[in-house]
Amino acid sequence: MANSNAVWGIDIGQCALKALRCRPHEKDEHRMVVEAFDYIEYPKILTQPEANREELIREALEQFVSRNDVSGDSVAIAVPGQSGLARFIKLPPVERKKIPDIVRYEARQQIPFALEDVVWDYQPLVGSEDEGYAIETEVGLFAMKRDQVARHLKPLEEAGIGVDIIQLAPLAIYNFICFDRLKVEGPYDPANPPQSTVIISLGTDTTDLVITNGYRVWQRSIPIGGNHFTKALTKELKLTFAKAEHLKRNAMKAENPKAVFQAMRPVFSDLVAEIQRSIGFFTSNNRNAKLGDMVALGNPMKLPGLQRFLSQNLDQEVKLVDNFNNLVGGSATAGSQYKENQLTFGVAYGLCVQALDQAQLRTNLLPEEIITTRLVKAKKPWAVAAAALLLIGLGINYASHYRSVMSANVEPNTEMDRQIKAAQSAKSTADGFSSEHTENIGKFDEILKVASNLQSNVDGRLLWLEMLKAVDTALPKDPRPEEKREETAADIANRPELHIESMDCEYYADLTPWHTSIQRYYVAPESDVKVVEGVTPPADGAAPEGTETPPGEASAESAPADGQATPPADTAAPGEVAPVEPPADLATDGTTPQIDPNTGEPIADGAGGDLARGGWVIQLVGHHFHNSMPDQNVQIDDEATEYVIHTFCKDLETGTVMLPDGEGGAPVPVKIADLGIKFPTVVTRERLVKTDYRTESEEAFAQRVAAATSPEGPGARVAAPNVGAAAEILPKTIPLRRYNFILQFVWQPQPRTARKEKEKQLAEQPSDATGTAAVPDETAPPGT
């Protein structure tokens, strides 16, 4: 562990090892002091075909350790941007304390590997906050495979260098620019952001393009570097790699400089094209961004004519970073080697900024197990010393007590001896009783466990039956018998019934993410607000393109049930169900508190009870015809989504179901909410679809077709059927308006024994001032 205030930033590149040793400035906290540096160029570039990468890095580190003392200093290293993954995720307004849960969910979606196989970290970027809610928040998510981390750490561990921070090279450049060139103060205004600086860091094999205004950062690794100029010379001038590299570095001294630059010109053009394409992509996705200065890093920028070529083709002056504004050098940086290679120290500078806790981005890809091992190792001497002191204290205490016991020297057959023997006898008797009591407790626990298992098996058989009966009870139905129903548009539209096409379920170990995703669609049973249906779809019944579907929601086909509605030939099936954003006054993200149907109290912290302990999410796919039809003078007050919410959803939360919970299995009314059913929510907002409702059964239709196609007259038995007449016969239909919906609710099963135990506890509780037993609030957190 580090025990000094100095840090090392080490950048192991493809061509050389660059390192800076810095410490905080004594008087100005916004500046740093360079105490030492090192630049070790490899005999060969690591990507040359004949180069031994591991051997070259090992030799460079041995040389570095022989010339510098890193003991007691924190060490930060950089890895290439293409070795890791960087994602920037924009979050909706959300409570700040919920950001970790949302980021963990996003990490599973964004990282293309199992989280156990990667080292990942995240950090929310600077944004604004209003009453505990993060506004305009963007989160940086960074990951790297564990085997890649081990590969980069291995040579440093073999050299005896303990690494404290691992950072991606483009993010180290971002930290350097923010500390040295930009002023990041105050909240971030996305409508009027400050000017963005473009940094071109030209490396050996890749070019890191970083665009940042201090508050936000965008980066891309371009697969073009200094090596590509060398390879172009090798190909065009028929040279070996070593000779081409020497010629590139001394292009102005060549016999024919024009031929040299002509050979490298395609690489110049490719580099400019990639930079222009990247900048264009950034500006198209960030409409309010304003580009400011454009600076360049890396020794390949010293190639004659490259800076001028970039400036001319990018229509903006490209400046070289030939000095560091907030880095005080002194004698350590006065040498020629530092000045000649100053363009390469940008990454090492950014690493030192992070190690001194001055960085805007402080993520660390060092595995947690390594950090824990080092903490234990650092505290081990103190633990050994504490154990030694404890043993010494125990020894002294034992010696003093032994001396006191020996001073008593009890003689046989004395009063003291008889009392001691009586006490020992009483203790033996008490020990026997205690052992017997412990044995009886064990037997009682075994019997209680057997009884509990038997009872749970009985209750477990009934859980799904009780849930299905509750759903069936809450489902609205037309109470009239078949013979009293009329097959007219007005009668069908006024029938109080829903049609369920399918039912599905899925178990979640933690229901909190699901609850968060449906909050904006949930409507409490007491609410009288109007629900705004879906936006105009691109085709009849089709979901609007680009709408959002809650996490875990599968699309459903609105297939008609037999004997009910079939879409007409010119109407497309509804397709994927796509919910749309409800109006602001229906949002349940904190502006309008939700009501727990079990207690009637506002839901604490939006949790809706103990959702973290898991449960089932039940999904019902269905439709109904309880909708207005202006063209047929049929007016329905409660239609579409509102009808589902005010009937089915309301009964699931406030209704009762008859279950045999009474004495001797007598049926008694039980609240549906007591079965563990919560938050019934219509998660779709579709428009009404015109459809033809079939009023004729299959049997009646078949008889009518048979009667129309049967031949008549004396030759009926041998004459051919009238096929043309059958083709013209269609089923009898009525034009209606159909509404398709998907409903989800939580089910955390409550066995019958648990319900009865709860009733017993409520009955035993003292009544409040109104004479009603006080009901505990299960949604409140423990201790409130």
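What to note about this one:
- For the listed residue pairs Lys469/Lys650; Lys97/Lys671; Lys469/Lys690; Lys319/Lys339; Lys18/Lys145; Lys449/Lys758, the alpha carbons are over 22 angstrom apart in Lys97/Lys671; Lys469/Lys690; Lys18/Lys145.
- Pairs with C-alpha atoms separated by more than 26 Å, drawn from the list Lys44/Lys302; Lys154/Lys380; Lys27/Lys377; Lys44/Lys231; Lys154/Lys231, are Lys27/Lys377; Lys154/Lys231.
- Amide hydrogen proximity for Glu35: with H placed 1.01 Å from N in the peptide plane, the residues at 5 or more positions away or on another chain lying under 5 Å are Arg21, Cys22, Arg23.
- The range 14-92: chymotrypsin sites (Phe, Trp or Tyr not before Pro) in DSSP coil with no more than 16 other Cβ atoms inside 10 Å: none
- Value of relative contact order over the range 6-103, rounded to a whole percent, pairs C-alpha under 8 Å and six or more apart: 28
- The residue list Thr363, Phe345, Ala385 was ranked by how far each Cα lies along the charge dipole of the range 306-385 toward its positive end, using unit charges on Cβ atoms, and Ala385 comes out on top.
- Per residue value of the accessible surface for the range 349-469 (all protein chains in place, 1.4 Å probe), Å²: 76
- Each Lys or Arg adds one and each Asp or Glu subtracts one; over the other residues with Cβ under 11 Å from the Cβ of Arg485, this totals -4.
- When +1 charges are put on Lys and Arg Cβ atoms and -1 charges on Asp and Glu Cβ atoms, the dipole computed for the range 195-254 relative to its Cα centre reaches about 220 debye.
- Contact order, relative form, for the range 188-302: 37 percent (alpha carbon pairs under 8 Å, 6 or more residues apart, mean separation divided by residue count).
- Euclidean distance between Cα centres, the range 18-35 to the range 294-317, Å: 29
- One decimal place: the segment Arg495-Glu50 gains 151.9 nm when fully extended, by the rule 0.36 nm per residue minus the C-alpha distance.
- Here the dipole of the range 658-700 is about 460 debye; that uses its Cα centre as origin and unit charges on the Cβ of Lys and Arg (positive) and Asp and Glu (negative).
- Set of lysines near Lys484 by C-alpha distance (under 20 Å), chain-local residues within fewer than 8 positions excluded: Lys732
- Surface accessible to a 1.4 Å probe, Arg58 within the full protein complex, Å²: 80
- Descending semi-axes in whole angstrom, ellipsoid equivalent of the range 42-119, from the Cα gyration tensor: 39, 19, 10
- Remark: the Gln316-Asp478 segment gains 50.9 nm on full extension, using 0.36 nm per residue and subtracting the alpha carbon distance.
- Peptides 731-741, 352-362, ordered by how many other C-beta atoms sit within 10 Å of their residues on average, highest first, read 352-362, 731-741.
- For the range 14-173, relative contact order (Cα pairs under 8 Å, six or more residues apart, normalised by length) works out to 25 percent.
- The distance between label points at Glu506 and Glu439 comes to 5.5 nm (points 7 Å beyond Cα on the Cα→Cβ vector).
- Linear extension gain, Leu462 paired with Glu29, 0.36 nm per residue minus alpha-carbon span: 149.0 nm
- Solvent exposure of His437, expressed as accessible area, is near 110 Å², computed with a probe of 1.4 Å over the protein chains only.
- Taking the charge dipole of the range 652-710 about its Cα centre, with +1 at Lys and Arg Cβ atoms and -1 at Asp and Glu Cβ atoms, the residue from Met658, Ala707, Val668 reaching farthest to the positive side is Ala707.
- Pair Gln761, Asp101: separation of 7 Å Cα→Cβ label points (nm): 2.3
- FRET efficiency for the Glu157 to Phe701 pair, using the beta carbon distance and R₀ = 60 Å, is estimated at 0.15.
- Sites Lys469 and Ala399, calculated FRET efficiency, Cβ-Cβ separation with R0 51 Å, nearest 0.05: 0.10
- Here the range 301-390 is assigned +1 on the Cβ of each Lys and Arg and -1 on the Cβ of each Asp and Glu. Its dipole about the Cα centre then comes out at about 360 debye.
The values are calculated or read from the model by the stated rules, or taken from the named source; none is laboratory data. Since this is a predicted model, take the numbers as computed values, not measurements. Positions of Cβ are generated from backbone atoms using ideal geometry, with glycine treated the same way; all protein chains shown enter the neighbour counts. Ligands, DNA and RNA are stripped out before the accessible areas are found, and what is left, the full protein with its side chains, is counted by its heavy atoms. Shrake-Rupley method; radii C 1.70, N 1.55, O 1.52, S 1.80 Å.
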